[in-house]
There are 2 protein chains.
Amino acid sequence: MSPRRPGEDELIARFFRPLATAPGAARLMDDAATVPQIDGRELVVTTDAIVAGVHFFPDDPPDAIARKALRVNLSDLAAKGARPAGYLVTLALPRDWTVDWLEGFVEGLGLDQEEYGISLLGGDTVRTPGPLWVSVTALGHAREGHVPRRHGAAPGQRLYVTGTIGDAALGLRLRQDERLTIDWDLRRDEREWLLDRYLLPEPRLALADVVSAYATAAMDVSDGLAGDARKLAAASRAGALIDASQIPLSRAVRRAVNADPDALVSALTGGDDYELLVAIEPSDAEAFEAEAAAAGVAVADIGALVDGAEVVIEQAGRRLSLGAGSFSHF
Amino acid sequence: MSPRRPGEDELIARFFRPLATAPGAARLMDDAATVPQIDGRELVVTTDAIVAGVHFFPDDPPDAIARKALRVNLSDLAAKGARPAGYLVTLALPRDWTVDWLEGFVEGLGLDQEEYGISLLGGDTVRTPGPLWVSVTALGHAREGHVPRRHGAAPGQRLYVTGTIGDAALGLRLRQDERLTIDWDLRRDEREWLLDRYLLPEPRLALADVVSAYATAAMDVSDGLAGDARKLAAASRAGALIDASQIPLSRAVRRAVNADPDALVSALTGGDDYELLVAIEPSDAEAFEAEAAAAGVAVADIGALVDGAEVVIEQAGRRLSLGAGSFSHF
């Protein structure tokens, strides 16, 4: 026998109301939320959805599903130099949902609310005859006139990325094929690192103010560094020259690439990094690096915007061949 | 042979970019949108999703599905006295989606953008192995400090509704059971009226400024007047006494109720009205009615907030029995 499952009103009251800490959320007892304006700032808004079986594995832990749904949106705010204010979440529950699952989901949201200092502002719960999905809209505030767009870069500027690239892409491949642990000669902690990086991205909100201060263009890397660098360069009507040896790789990815050089292609064209790709004027590079270090976010200078329309990743003086070159979640 | 279907980037460029008319939408070529702040106004945000087979019929025209997804959100903005600024839409396409269908969907959004003077600000397109669904987040601006909440009403105040009540609920029943056309003795235009009102709600944005100026509490009626009046009264820690003879009914609903008195229960407890329920101080009633008339929105005084916790709908001096009394989309 399964325990009784609550209806929508009870579900909101019991599970989601405790997350609605902002006054404008009206304890989720209203049709809409209000978000205060802040002098000298402008509102930044973004939305992304994840679907079971498409963007995550249905048997992923519910707290990780919740956090991933939220974090992929917070990552977009970070890329636009915005501090998060709050979010709305729509959760579509399949026929076989359980109270236990929902408790885990809400616990995940609560952990991240605390980590990022945000409140649930509203949302919707619906039933679906299909797979579970989560849609999040995140709102933040950026300094007025200092929201770096994808199109603001120009030839001569430096290209930086945060963190390490390719972990999540290799983590996904490990999820799909266990034997790769052996093929890639991974130690247990390296395997765990890659799987965790796929499961739980780390939005670089700690860098948001620095991005707002220095970036001429920025975006988050969600569909693979190679393809996303092309998107930023194309939007800026420029090309880019990237030095593969400067792309920051974790120890786990380096070990996989040593064992199987093709893993580098996966690392650079797979998705789900949620690191930031940032264009910086050379004259700002030193200050940017210093402030990033002060913010506790590792950044690496991987190359430059150049004239033209091509994005080339060079390895030992040769152009790296990347095949299709970009991941698509669609 | 089905025609080639575009990938995500082409899909955004071809179908959605033309809808992104606001500068802050960055032609949908960025990770997030910006929304300008307006002096003396505060931001209002709401989100609602609809799922095929749950909230609409999979064979509904795609333009109507798009407009319904948008309008149920605009209705929430109207209830909070907010003028709409823009919206984000996430569309999950099932395996068998077609370009024709998407063209119709986008056409529907375009028609409503023009009607309500708004822009697409962003969104997401995803694939789903389940049924099609649409999630919309709508943003608007209301006069600062003049966002009527559900909890602001008090005993002695009048209760008003806009438009007519119950059309959509009976329209849904007609969709489910064609024979009701005969049972309810409906003329063809009356049948069409009910079906249309289910398919395409009319958000009462024309009344938003008047609601902001006069309402002590407001909400949109989406789950049936009886249940939603209970929600507003409960949030305001009051009861309500509603006179059934004053509830505005269309000619079609009146004819159905004449033929089958139980149809009144459906009309008052069914969902999808998307009319506004508004509490007004008696001393403001005359001005509210005059300004509503000037705005071209019919409003009807249906009763009053009273002491206590009960919401009673009286008909000919007797309490109307409504069974469960509220519709749930969940």
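The values are calculated or read from the model by the stated rules, or taken from the named source; none is laboratory data. Just so it is clear, the structure is predicted and the values come from calculations on it, not from any experiment. Cβ: placed from backbone, ideal geometry, glycine included. Neighbour counts: every protein chain shown. The protein model used for the area step is the full one, side chains on, heavy atoms only, and it has no ligands, DNA or RNA in it. Shrake-Rupley method; radii C 1.70, N 1.55, O 1.52, S 1.80 Å.
Any chance you could count the Lys pairs in the protein assembly as shown whose alpha carbons are under 26 Å apart, treating pairs 8 or more apart or on different chains as valid? Walk me through the numbers before you get to the answer.
Values: A:Lys68/A:Lys80; A:Lys68/A:Lys231; A:Lys80/A:Lys231; B:Lys68/B:Lys80; B:Lys68/B:Lys231; B:Lys80/B:Lys231.
Eligible lysine pairs with Cα atoms under 26 Å apart amount to 6.
For A:Asp185 and A:Glu8, calculate 0.36 nm times their separation in residues minus their Cα-Cα distance, and state this gained length in nm to one decimal. Present the calculation step by step, with values, prior to reporting the outcome.
Numbers: separation 177, 0.36 × 177 = 63.72 nm, distance 4.86 nm.
Full-extension gain reported as 58.9 nm.
Who wins for biggest fluctuation among A:Ala233, A:Ala259, A:Ala79 in a Gaussian network model of chain A, springs between alpha carbons below 10 Å?
Answer for the Gaussian network model of chain A: A:Ala259.
Could you work out the relative contact order of chain A? I mean the mean sequence separation of Cα pairs under 8 Å and 6+ apart, divided by the number of residues, in percent. Kindly include the intermediate steps, with their values, before the conclusion.
Working: 738 pairs, mean separation 74.2, N = 330.
It rounds to 22 percent for chain A.
Rg (Å, one decimal) plus Dmax (Å, integer) for the alpha carbons of the stretch B:150-319?
Computed over the Cα atoms of the stretch B:150-319, radius of gyration and Dmax are 15.7, 47 Å.
Express as a percent, rounded to the nearest 5, the fraction of DSSP beta bridges in the stretch A:24-166 (both residues included) that run antiparallel. Before the final figure, lay out the partial values.
On the way: 20 of 29 bridges.
About 70 percent, rounded to the nearest 5.
Could you work out the local net charge near A:Glu289, counting Lys and Arg as +1, Asp and Glu as -1, over the other residues with Cβ closer than 13 Å to its Cβ?
Working: positive: A:Arg158; negative: A:Glu281, A:Asp284, A:Glu286, A:Glu291, A:Asp301.
Net charge in that neighbourhood comes out at -4.
For the stretch B:8-143, calculate the relative contact order in percent as a whole number, restricting contacts to Cα pairs under 8 Å that are 6 or more residues apart. Intermediate results must be reported in sequence, preceding the final value.
Numbers: 243 pairs, mean separation 54.3, N = 136.
Here the relative contact order equals 40 percent.
Compute and list, largest first, the equivalent-ellipsoid semi-axes of the stretch B:112-202 from the alpha carbon gyration tensor, each √(5λ) rounded to a whole angstrom. Don't jump to the answer; show the numbers that get you there.
Details: eigenvalues 193, 137, 38 Å².
They are 31, 26, 14 Å, listed largest first.
Skip the ligands, DNA and RNA, and give the accessible area per residue of the protein assembly as shown with a 1.4 Å probe, whole Å². All intermediate terms of the calculation are to be shown ahead of the outcome.
Values: 26030 Å² over 660 residues.
On a per-residue basis, the protein assembly as shown sits at 39 Å².
Need one number: nm distance between label points at A:Arg17 and B:Ile38, each 7 Å from Cα along Cα→Cβ, rounded to one decimal.
3.3 nm
For chain A, set up a Gaussian network in which alpha carbons nearer than 10 Å are linked by springs, and say which option among A:Thr34, A:Thr21, A:Thr137 fluctuates the most.
Its mean-square fluctuation being the largest, the pick is A:Thr34.
Which residue in B is nearest the B/A rotation axis when you measure from the C-beta atom, and what is the distance in Å?
Result for the B and A rotation: B:Gly130, 1.
Name all residues of the stretch A:292-312 having a backbone nitrogen under 12 Å from the label point set 7 Å from the Cα of A:Arg237 along its Cα→Cβ direction, giving them as ranges.
Correct set: A:308.
Going 7 Å from Cα along the Cα-Cβ axis for the label, what nanometre distances separate A:Pro36 from the same residue across the other copies?
Distances between equivalent label points, in nm: 2.4.
Please report, in whole Å³, the volume per residue of the convex hull around the C-alpha atoms of the protein assembly as shown. Let's see the in-between values first.
Values: hull volume 110.2 nm³, N = 660.
It comes to 167 Å³ per residue, whole-number rounded.
Give the relative contact order (percent, whole number) for the stretch B:150-319; include only Cα pairs under 8 Å separated by 6+ residues.
On the way: 375 pairs, mean separation 75.7, N = 170.
Normalised by residue count, the contact order of the stretch B:150-319 is 45 percent.
So the label point sits 7 Å from Cα along the Cα-to-Cβ vector; using that for B:Arg179, what distances do you get to the other copies, in nanometres, sorted shortest first?
The answer, with the shortest distance listed first, is 6.1 nm.
Given the C-alpha centroids of the stretch B:116-187 and the stretch A:255-329, what is the distance between them in whole angstrom?
Here the answer is 46 Å between Cα centres.
What FRET efficiency, computed as 1/(1 + (r/R0)^6) with R0 = 56 Å and r the Cβ-Cβ distance, is obtained for A:Ala290 and B:Ala287, rounded to the nearest 0.05?
Numbers: r = 61 Å, r/R0 = 1.09.
It comes out at approximately 0.40.
How long, wide and thick is the stretch A:8-143, going by the Cα atoms along their three principal axes, in whole angstroms, largest first?
Principal-axis extents of the stretch A:8-143 (Cα, largest first): 47, 30, 23 Å.
At q = 0.13 Å⁻¹, what log₁₀ I(q)/I(0) does a Debye calculation on the Cα points of chain A give, no solvent, two decimals?
Scattering profile of chain A, log10 relative to I(0): -0.98.
Can you compute the helix-only [θ] at 222 nm over the protein assembly as shown? Use -39500 (n - 2.57) per DSSP H run of at least 4 residues, normalise by all residues, nearest 500 deg cm²/dmol. Don't skip to the answer; put the middle values down first.
On the way: 22 runs with 220 residues, N = 660.
Value at 222 nm, helices only, nearest 500: -10000 deg cm²/dmol.
One decimal, nm, shortest first: give the distances between the label point of B:Pro282 and those of the same position in the other copies, each label point 7 Å from Cα along Cα→Cβ.
In ascending order, 7.9 nm.
Just the number, please: buried accessible area between A and B, total of both chains, 1.4 angstrom probe, nearest 100 square angstrom.
Values: alone 15360 and 15350 Å², together 26030 Å².
Buried area between the two chains comes out at roughly 4700 Å².
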